[in-house]
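In what follows, a single structure is set out as C-alpha cells and then discussed.
The values are calculated or read from the model by the stated rules, or taken from the named source; none is laboratory data. On a predicted model such as this, the values are computed, not experimentally measured, just so you know. Virtual Cβ from ideal backbone geometry, glycine too; neighbours counted across all protein chains shown.
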C-alpha cells in the first residue's frame with residue numbers, strides 16, 4: 001500500500017498541481033495574464049513585463065505553446081510579424097485567474113485588517 005502511494009504523481013493526488021505546473025513556473029502566469037487581453041507581439045510582452053529577459057520570455061512562450069496554452073501566429077508580411085494568442089485551453093484559465101484574484105484581494109484585505 002505504501003509503495004503504491006509513493007508512485008503517485010503530485011497531480012494524481014491533487015489536480016491543482018497540474019494547473020500550477022502550467023502557470024506557476026516563473027513568469028508563465030504573468031505571460032498568460034498579459035495575453036488575457038488579446039494577442040500580443042514579443043516586444044509588447046517584454047514592455048508589459050518589466051524584469052523579464054528576452055530569452056526567458058521566449059522560453060516561456062515556447063513552453064506555453066508546447067502545452068497548447070497559446071499559439072504563435074506568423075503573418076506573411078515584410079517585415080515578418082509574429083503574435084502570441086491564447087488558445088481555447090489558455091482562455092479557459094480565465095476563471096482560474098478570476099478566482100485567484102478574488103482570493104488574493106480578500107487575503108490582502110485580511111492582512112490589512114490584522115495589521116491596522
Notebook entry, point to check: Using beta carbons and a limit of 8 Å, which pairs, at least six apart or on different chains, have the first residue in segment 85-106 and free of Cβ contacts under 8 Å to residues at least 60 places away in the same chain and the second one assigned to a helix (DSSP H, G or I)?
Noted result: 85/35; 86/32; 86/35; 90/32; 90/35; 90/64
Check: Of the residues that make up segment 71-87, is at least one at positive phi and loosely packed, with under 14 Cβ neighbours inside 10 Å?
Finding: no
Check: Is segment 36-43 home to any residue that is in contact with a helix residue (DSSP H, G or I) (Cβ under 6 Å, 6 or more places away or on another chain), assigned to a helix (DSSP H, G or I) and surrounded by 13 or more Cβ atoms within 10 Å (Cβ to Cβ)?
Finding: no
Check: Restricted to segment 10-35, and to residues that are outside any helix (DSSP H, G or I), touching a helix residue (DSSP H, G or I) at 6+ places or on another chain (Cβ under 8 Å) and over 23 Å from residue 74 (Cβ atoms), which residue is modelled with the highest pLDDT?
Finding: 26
